[in-house]
């Protein structure tokens, strides 16, 4: 199976052929069917194993932030899911993260811990 990364978001997907067309099946976990039309300009084939992408690290930091928000009683923030964010919201979170401590400190710690992984 050929693995691809979105050139903009870093999301991972797999090239599949259906109905004489190429599609990308997004890597969303078991039981989640998310197909996108394959456009060569939008996807980069992974030819070798790489370190975690910035998007993957951001997702781990986002999930850690959700857990912290739940512990702090920040209900709205703790219910947000990475996959429910728009691409622009994900990119903004990757670049900026949460605005205040201890959430921003946790994000920085997660990113530092995953550097080089």
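The values are calculated or read from the model by the stated rules, or taken from the named source; none is laboratory data. Just so you know, these numbers come straight off a predicted model, no measurement behind them. Positions of Cβ are backbone-derived with ideal geometry, glycine not excepted, and every protein chain shown enters the neighbour counts.
State yes or no: is residue 25 out of contact with any helix residue (DSSP H, G or I) (no Cβ under 7 Å at 6 or more places or on another chain), surrounded by 15 or more Cβ atoms within 10 Å (Cβ to Cβ), part of a strand (DSSP E or B) and without any contact (Cβ under 8 Å) to a residue 24 or more places away in the chain?
Numbers: out of contact with any helix residue (DSSP H, G or I) (no Cβ under 7 Å at 6 or more places or on another chain): yes; surrounded by 15 or more Cβ atoms within 10 Å (Cβ to Cβ): yes; part of a strand (DSSP E or B): yes; without any contact (Cβ under 8 Å) to a residue 24 or more places away in the chain: yes.
Answer is yes for this residue.
Does the stretch 86-105 hold any residues that are within 15 Å of residue 8 (Cα to Cα), without any contact (Cβ under 8 Å) to a residue 40 or more places away in the chain and surrounded by 12 or more Cβ atoms within 10 Å (Cβ to Cβ), and which are they?
89, 92, 93
Collect the residues in the stretch 29-49 that are within 20 Å of residue 82 (Cβ to Cβ) and part of a loop (DSSP other than H, G, I, E, B), keeping them in residue-number order.
Selection gives 29, 30, 31, 32, 33, 34.
Can you confirm whether residue 7 is assigned by TED's automatic domain parsing to the domain that holds residue 109 and touching a residue at least 12 places away in the same chain (Cβ under 8 Å)?
Working: assigned by TED's automatic domain parsing to the domain that holds residue 109: no; touching a residue at least 12 places away in the same chain (Cβ under 8 Å): yes.
No: the conditions fail for residue 7.
Residue check: is residue 73 at pLDDT 90 or above and surrounded by 15 or more Cβ atoms within 10 Å (Cβ to Cβ)? It would help to see each step written out before you state the result.
Details: at pLDDT 90 or above: yes; surrounded by 15 or more Cβ atoms within 10 Å (Cβ to Cβ): no.
In short, no.
In the stretch 48-60, which residues are surrounded by 15 or more Cβ atoms within 10 Å (Cβ to Cβ) and more than 10 Å from the chain's Cα centre (by Cα)?
52
Being touching a helix residue (DSSP H, G or I) at 6+ places or on another chain (Cβ under 7 Å) and loosely packed, with under 15 Cβ neighbours inside 10 Å, is that true of even one residue in the stretch 35-43?
Our first condition is that a residue be touching a helix residue (DSSP H, G or I) at 6+ places or on another chain (Cβ under 7 Å); within the stretch 35-43, this holds for none.
No, every residue in the stretch 35-43 fails to be touching a helix residue (DSSP H, G or I) at 6+ places or on another chain (Cβ under 7 Å) and loosely packed, with under 15 Cβ neighbours inside 10 Å.
Quick check on the stretch 68-85: of everything there that is in contact with a helix residue (DSSP H, G or I) (Cβ under 9 Å, 6 or more places away or on another chain) and in a loop (DSSP other than H, G, I, E, B), which residue is farthest from residue 28 (Cα to Cα)?
Of everything passing the filter in the stretch 68-85, 74 is farthest from residue 28 (Cα to Cα).
Scan the stretch 62-79 for residues that are within 19 Å of the chain's Cα centre (by Cα) and over 13 Å from residue 98 (Cα atoms) and report the count.
So the count comes out to 2.
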